[in-house]
Amino acid sequence: MASWEPPGSAATMRHDVRLAVHLTRFIARRRSGRWRNVLSVPPWNPVERRVAKYMNAPPTVRGAVSTIVVATLTVVVISGVLMRVLDHKEFGSVWLGMWWAIQTVTTVGYGDVTPKDVLGRVVAAAVMLQGIAFIAIITAVITSSFVARATRARDAAQAEDEMTELERIEAGIAELDRKLEQLAVAVRGPAS
């Protein structure tokens, strides 16, 4: 029987690292299909099911947008509460903190409310970085959807061109077969 180790001890950290490595290998094997029949039992809790579904499904624009929106809303709410708690002289309510967070995440920054305390400025820096990442990710998602659409259109046109070329080659081969048949009949002579 294993002995109990306090949280944060070296043994507990090694166990957590091993667990993370095993989970990563498990997900990789599951995605590759090597264990598909052996481990087809759905995970136990909703979070695990959602993570497994996310890992197995190809990414979509809708999924990326929903993830970004949820992450941004979470940052707005958490940073609004943190600004109220950490810089309470400047931010009289949580709502004022969330108003500031919305301005900062969207990179509007009216400047009507700014953090004065050092901890408030640390939170502000994190929110600013998240806002910049938010805009970069949105731009990347939109660009990738345009590129994917253009690639699909190009591939469809190329497949159509290849089919037209294939039909032309097949018609040429059929014509050659017909001419060869005529030559074979001419060489053999008329049928008696």
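The values are calculated or read from the model by the stated rules, or taken from the named source; none is laboratory data. None of the values given here were measured: they were computed from a predicted structure. All Cβ positions, even for glycine, are placed from backbone atoms using ideal geometry, and neighbour counts span all protein chains on display.
Table: residues versus (1) at pLDDT 85 or above; (2) of a type outside the set (Val, Ile, Thr); (3) not in a helix (DSSP H, G or I).
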site	(1), (2), (3)
Pro58	no, yes, yes
Val65	no, no, no
Ala71	no, yes, no
Ser79	yes, yes, no
Met83	yes, yes, no
Lys89	yes, yes, yes
Gly97	yes, yes, no
Note on Thr107: of the conditions (1) assigned to a helix (DSSP H, G or I); (2) under 30 Å from Val65 (Cβ atoms); (3) of a type in the set (Val, Ile, Thr), unmet is (1)
Give the number of residues within the stretch 110-130 that are part of a helix (DSSP H, G or I), of a type in the set (Val, Ile, Thr) and either over 21 Å from Ala71 (Cβ atoms) or free of Cβ contacts under 8 Å to residues at least 12 places away in the same chain (or both). 2
Filtering the stretch 102-143 down to residues that are of a type in the set (Ser, Thr, Tyr) and surrounded by fewer than 18 Cβ atoms within 10 Å (Cβ to Cβ) yields Thr106, Thr107, Tyr110, Thr114, Thr139, Thr143
